[in-house]
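To keep things clear, I will list the structure first and then write my remarks on it.
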Amino acid sequence: MPIPPLNASGFLPPGIHPATLAEIRAAYGINIPRSDRCTGLEDYVSLVSGIGLIRYVYVDGSFTTNKAAPGDVDVVIELPMPNAVAGSSAALVQILNEPFIKSVYHVHPKAVLYGSTIGFVDYFQGERIQVLQTLKLPKNFRKGILRISL
């Protein structure tokens, strides 16, 4: 299923929208700054998928809105339970090294443990109060996020 169009407020409709990297590039790589962010996201997802432990990468932030030139791509990776990552700690440190990842890939990484995504998904679908006030949106406004399966 393709990524749904943005709503009148410039956000994805509420929900978790499965997407491939090709679909994300087609929907959001519409100018040079956005194309550059797509390349960074593709390279970061390639790095993450090389570990072999990550199930999903969630994508959000201004990149998934109508903002012409987002500064980065906000992502959250879903980590397996701690007992499944034995021997992979160096790789996990690398993919979560926020200053390095942000400078190289223009991706702002965060992580949650598998099974703890319910609260995260709810949080990620909200918006900052300043944005809601600026756009005159209700406090209970919900937006969509993208989910890339690895």
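Quick check: is even one residue across region 43-54 hydroxyl-bearing (Ser, Thr, Tyr), modelled with pLDDT of 95 or more and buried (at least 20 other Cβ atoms within 10 Å of the Cβ)? Yes: one or more hits. With respect to the conditions (1) modelled with pLDDT under 75; (2) surrounded by 17 or more Cβ atoms within 10 Å (Cβ to Cβ); (3) touching a Ser or Thr at 6+ places or on another chain (Cβ under 8 Å), GLU78 falls short on a single one, namely (1).
Restricting region 92-119 to residues that are of a type in the set (A, V, I, L, M, F, W, C) and under 28 Å from SER35 (Cβ atoms), the residue that is modelled with the lowest pLDDT is ALA111. Criterion first (assigned to a loop (DSSP other than H, G, I, E, B) and without any contact (Cβ under 8 Å) to a residue 40 or more places away in the chain) does ILE54 satisfy it? No.
When region 2-43 is filtered for residues that are more than 19 Å from PRO109 (Cα to Cα), without any contact (Cβ under 8 Å) to a residue 60 or more places away in the chain, of a type in the set (Gly, Ala, Ser) and outside any loop (DSSP other than H, G, I, E, B), the ones remaining, listed by number, are ALA22, ALA26, ALA27.
Among the residues making up region 1-50, a single one is touching an Asp or Glu at 6+ places or on another chain (Cβ under 9 Å) and among the aromatic types (Phe, Trp, Tyr): PHE11. If the condition is being in a helix (DSSP H, G or I), in contact with a strand residue (DSSP E or B) (Cβ under 6 Å, 6 or more places away or on another chain) and either modelled with pLDDT under 75 or among the basic types (Lys, Arg) (or both), then region 120-150 contributes only PHE120.
The values are calculated or read from the model by the stated rules, or taken from the named source; none is laboratory data. What you see is a predicted model, and the numbers here were worked out from it, not measured in a lab. Glycine also receives a Cβ, built like all others from the backbone with ideal geometry; neighbour counts cover every protein chain displayed.
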